[in-house]
Amino acid sequence: MAEIPASFLESDELTLRKSFIGLDEQDSFLLQTSLPRQDALLESLATTLEKHLSRFEEAHCFIDDSEVSQLLQREQLAYFRTLFQGPHDEVFFQKRYLVGQRHHEIGLKPAWYIGAFCHYMTGILQKIHQDHQQDALQRILAFVKMSLFDISLTTEAYFRAEHEQLTLLSKVFQDNIEGVFITDTAGIIQHANKMSGRLVGIPPNLLLGIPFTELIANTDLPPLFISDDNAHDDQEQWQGEIELNRAGGVPFPAKVTIMFMDALHDTNRQRVIEFTDITESKRNQAELAAKTEELSRSNRDLEQFAYIASHDLQEPLRMVASYTQLLARRYQGKLDADADEFISYAVDGAERMQQLINDLLTFSRIGTRGSIHKPVDIEFILSRALFNLKNAIDETQAHITHDPLPHIPGDTTQLIQLFQNLIGNAIKFRNQDPVQIHIANRDKGKYWLFSVRDNGIGIPPEFAQQIFAIFQRLHSRQKYPGTGIGLALCKKIVERHNGQIWVEPSPEGSGSLFQFTLSKENAS
């Protein structure tokens, strides 16, 4: 025997139902000897069913597709052949049960196949009456019992699938991690899930019949609950924050979404209200805002301190440097070798301290002394930076090229410093090859992506982040002079322009590729 498709019906259940309706082997035999087997008639029945099906809007997506329509016709012909020829065994009835399940899955309601039976039963009953006049009543009764049994199986399967779906949706509703109310047109709570009861401190069954507005702690009602307000007639959804009462406790802030369930019938528009307690979220936001403000204040204080400290150190350090240089000029060669070495160390230390303080003063001014951002021409910015580097460029015979450069909002002085530092570093950290530097840019929508590519000594990938920290150096001061603040300045300038900066190995094989973004919008 063929394999029985999986279903909810056991063999014993099918046998019991057959006995209730009186469907037996004699009825099956009468059907096989009574019903027409001509293909032309079977095809006409399938066509009748398709016409009937076309009356249902939800069926158009099937019958309008020629391949699907042909498949449906083949299925219908196969059904009629089995109905008229047999065997009417367990597999046949289980398949009919599964038809109802499939109809539920694809959205075809029982009305279409109940109507279909009425359409083709009329013609078949007339055919039986014409061909078997002597025992027509008995044969017609067998056909009616088979049809009723078929209809009962398909409709039961449909509604059982519908029940399972509703049960699943009900479970989802009850176990939702958010509170959910469903109200009627007047705003009276008709359904409440478990979480809603936990949030407001009232069991869900006791919430039924209460106006939702009574749970609102403040007087500001959501727009969709303001009566006689035509301004919100077309609004189908509202989302915002309101305070809700909690039984036996203080009101709590809630994030609320309100939607109309049925926008087609204005006289019976139910609302679905989803809400969640955001007390902890708002507390975290407040703490984060306070910490951000504290960090911002601390940064401002540090920048101010760095500026004041470096500025106030200028005068005494200038005096120390002046006197150590005077000692060097006056007593060089007049004392012993140790004295000359000590004086040299003092002069060098004073000069380096002066440079460090000047760089620190420049660094502190990036955030506090920057100008308001205005539209600037990066072509002009680059030309000024190259002019400032003219001696180094001439000395090394560096070859510098660039793409057409855009206009962006920015701080002219700081952007000159940015390009000057990056190009200056490319010249400083060169190798034996002629210096080649190229400045490129790409439009990335909300920002410009700039790159400065060189053919110098390069930067090991493990130091790609370290080089942007203040006073960080990868080489000795004797080999490459400087304080190690240049790239830290670049990073701070780029960040003030709402951008980012990073370095990668040059795609050409040697050297470095510095890339940075600059926003097209005015930065702070």
Hey, LEU53 over 29 Å from LEU137 (Cα atoms), free of Cβ contacts under 8 Å to residues at least 40 places away in the same chain and touching a Phe, Trp or Tyr at 6+ places or on another chain (Cβ under 7 Å) or not: no
Within region 123-144, can one find any residue that is at pLDDT 85 or above and touching a Phe, Trp or Tyr at 6+ places or on another chain (Cβ under 6 Å)? no
Scan GLN237, GLN165, GLN190 and give me the residue that is surrounded by 13 or more Cβ atoms within 10 Å (Cβ to Cβ) and either out of contact with any Cys (no Cβ under 8 Å at 6 or more places or on another chain) or modelled with pLDDT of 90 or more (or both). GLN190
For region 487-518, give me the residue count where each residue is touching a Cys at 6+ places or on another chain (Cβ under 9 Å) and aliphatic (A, V, I, L, M). 1
Residues in region 390-416 that are more than 25 Å from SER510 (Cα to Cα) and in a helix (DSSP H, G or I) total 5
Could you list all residues from region 29-40 that are surrounded by 17 or more Cβ atoms within 10 Å (Cβ to Cβ) and part of a helix (DSSP H, G or I)? LEU30, LEU31, SER34
Examine region 335-346 for a residue that is hydroxyl-bearing (Ser, Thr, Tyr) and at pLDDT 70 or above, and state whether such a residue exists. yes
Look at GLN101 and say whether it is of a type outside the set (Lys, Arg) and touching a residue at least 12 places away in the same chain (Cβ under 8 Å). yes
Cβ pairs under 7 Å, 6+ apart or interchain, first in region 190-206 and closer than 21 Å to THR279 by Cβ, second part of a helix (DSSP H, G or I) and among the hydrophobic types (A, V, I, L, M, F, W, C), ordered by first then second residue, are ALA192/LEU207; ASN193/PHE173; SER196/LEU207; GLY197/LEU207; VAL200/LEU215
Restricting region 39-89 to residues that are more than 14 Å from ALA116 (Cβ to Cβ) and among the polar types (S, T, N, Q), the residue that is modelled with the lowest pLDDT: SER69
Are any residues in region 422-471 at pLDDT below 90, outside any loop (DSSP other than H, G, I, E, B), of a type in the set (Phe, Trp, Tyr) and in contact with a helix residue (DSSP H, G or I) (Cβ under 9 Å, 6 or more places away or on another chain), and if so, which ones? PHE468
The conditions are (1) in contact with a helix residue (DSSP H, G or I) (Cβ under 8 Å, 6 or more places away or on another chain); (2) modelled with pLDDT of 90 or more, and HIS232 fails exactly one of them. Which is it? (2)
What pairs come out if I take residues in region 407-427 that are closer than 20 Å to LYS520 by Cβ and pair them with residues that are basic (Lys, Arg) and not in a strand (DSSP E or B) whose C-beta lies under 8 Å away, six or more apart or interchain? ILE408/LYS520; PRO409/LYS520; ASP411/ARG496; GLN414/ARG496; ILE416/ARG384
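Out of curiosity, is GLY123 over 40 Å from the mean Cα position of the chain (by Cα) and surrounded by fewer than 17 Cβ atoms within 10 Å (Cβ to Cβ)?
On the way: over 40 Å from the mean Cα position of the chain (by Cα): yes; surrounded by fewer than 17 Cβ atoms within 10 Å (Cβ to Cβ): yes.
Criteria met by GLY123.
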Which of (1) surrounded by fewer than 18 Cβ atoms within 10 Å (Cβ to Cβ); (2) among the aliphatic types (A, V, I, L, M); (3) in a loop (DSSP other than H, G, I, E, B) does LEU108 not meet, given it meets every other one? (1)
Working carefully through the options ASP454, ASP443, find the one that is over 16 Å from THR401 (Cα atoms) and among the charged types (D, E, K, R). ASP443
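The values are calculated or read from the model by the stated rules, or taken from the named source; none is laboratory data. The structure displayed is predicted, hence computed values, not measured ones. All Cβ positions, even for glycine, are placed from backbone atoms using ideal geometry, and neighbour counts span all protein chains on display.
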